[in-house]
Amino acid sequence: MDQPIPFDYVGTLERLVGDLRSVADRRVLFNLTGGPKTMAVAAAMACLLLGIPVLYVPEEEPNPVPIPLPIVRMRYVNMLTPKMHEVLHVLAAKGDLSAAELARGLRIAHSTLDYHLARLERLGAIGWVAEGRRRRAAISDLGRVLLLGLEATKPSEGA
């Protein structure tokens, strides 16, 4: 099994959201203290996505008093249309695809797909990979975070 990389923000965020969702039926309070900064940022984002209360404990103080952070649940539902969500899901599952491959796979017209791809590109959710004279759409780390945000708002399995 591969060891987690502490500086892999998206991977850390995915693992934290999964772990926190698995204990969603219990009362959870998250302490952001310690670890690499990428891990603390991923932990804060996971708490934003799931609406989990957060404390910061200033380790550098001799008698630290936990500081509650005012974090509210963030929802990405209104940022993406259902079709944009579907485009990101396909790219995450299948990897880089040409616009023609995406349009065929999604069973939509090229012009409709172009509209959604342009919006996703403006958001920074996708980028383009050159392949000779052709280019392929590729999901970005932000695209993965948007997908994770959408998934985090769905009810947990078994809940």
Self-check item: Gained length - Lys83 relative to Leu123, 0.36 nm times residue gap less alpha-carbon distance
Solution: 12.9 nm
Quiz item: Under the rule of -39500 (n - 2.57) per DSSP H run of 4 or more residues, summed and divided by the residues of the chain, what mean residue ellipticity at 222 nm is obtained, to the nearest 500 deg cm²/dmol?
Solution: -15000 deg cm²/dmol
Quiz item: Going by how many other Cβ atoms sit within 10 Å of their own, how do His110, His85 line up, fewest first?
Solution: His110, His85
Self-check item: Cleavage-rule hits (GluC sites (Glu not before Pro)) in region 58-121: DSSP loop, at most 16 neighbouring Cβ within 10 angstrom
Solution: Glu59, Glu60
Quiz item: Tell me, what is the percent relative contact order of region 9-74, built from C-alpha pairs under 8 Å that lie six or more residues apart?
Solution: 31 percent
Exercise. Could you give the size of the charge dipole of the chain about its Cα centre, using +1 on the Cβ of each K and R and -1 on the Cβ of each D and E, expressed in debye and rounded to the nearest 20?
Key: 740 debye
Quiz item: Of all trypsin sites (Lys or Arg not before Pro) in region 54-159, which ones are in loop regions per DSSP and have a Cβ with at most 16 other Cβ atoms within 10 Å?
Solution: Arg73, Arg75, Arg107, Arg133
Exercise. Mind checking the full-extension length gain between Glu151 and Val41? Use 0.36 nm per residue of separation minus the Cα-Cα distance, one decimal, nm.
Key: 37.7 nm
Self-check item: Distance (nanometres) between label positions extended 7 Å along Cα→Cβ at Leu69 and Arg15
Solution: 1.9 nm
Quiz item: Considering the values (1) 0.96; (2) 0.99; (3) 1.06, which represents Rg/Rh (Cα atoms, Kirkwood Rh) as calculated for the structure under consideration?
Solution: (3)
Quiz item: Gaussian network model of the chain, Cα springs within a sub-10 Å range: biggest mean-square fluctuation belongs to which of Val41, Val129, Val54?
Solution: Val129
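Bear in mind that the values in this text are calculations on the coordinates, not laboratory data. Everything quoted here is computed from the prediction, not taken from an experiment. Heads up, the Cβs are rebuilt from the backbone with ideal geometry, glycines too, and the neighbour counts pull from every protein chain shown.
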